[in-house]
Amino acid sequence: MPNILVCDIPEDVYQQFASIARQDKRSVSGEVLYPIKQEIARRSARMQTSRQAQGELAAELRERPRLPVTAAELVREVRDEG
């Protein structure tokens, strides 16, 4: 399993963090990993929601009626009239 090394943590910060980990009934490593997993889950859910919204928008756009002419044809027509 891969590892991440965090260097130069002040002793007082480490002790406070270890205390929080004990209160949460987790190891120090578990306490570090917990918010990482939470953020990954949050972003994954957001991406899934975004993909779903994109799919719904694409379906809605496919259902819209098409114009009888393209934008390029309209520009040519206006240009030729002028």
Scanning the range 1-43 residue by residue, the ones that are among the acidic types (Asp, Glu) and part of a helix (DSSP H, G or I) total 4
Keeping to the range 21-36, report how many residues are within 28 Å of the chain's Cα centre (by Cα) and at positive phi. 0
Taking Arg64 as meeting all but one of (1) at pLDDT below 90; (2) surrounded by 10 or more Cβ atoms within 10 Å (Cβ to Cβ), write down the number of the exception. (2)
Check off (1) hydrophobic (A, V, I, L, M, F, W, C); (2) within 28 Å of the chain's Cα centre (by Cα); (3) surrounded by 10 or more Cβ atoms within 10 Å (Cβ to Cβ) for Ala18 and give me the number that stays unchecked. (2)
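The values are calculated or read from the model by the stated rules, or taken from the named source; none is laboratory data. This is a predicted model, so every value here is computed, not measured. In this analysis, Cβ positions are derived from the backbone assuming ideal geometry, glycine residues included, and neighbour counts consider all displayed protein chains.
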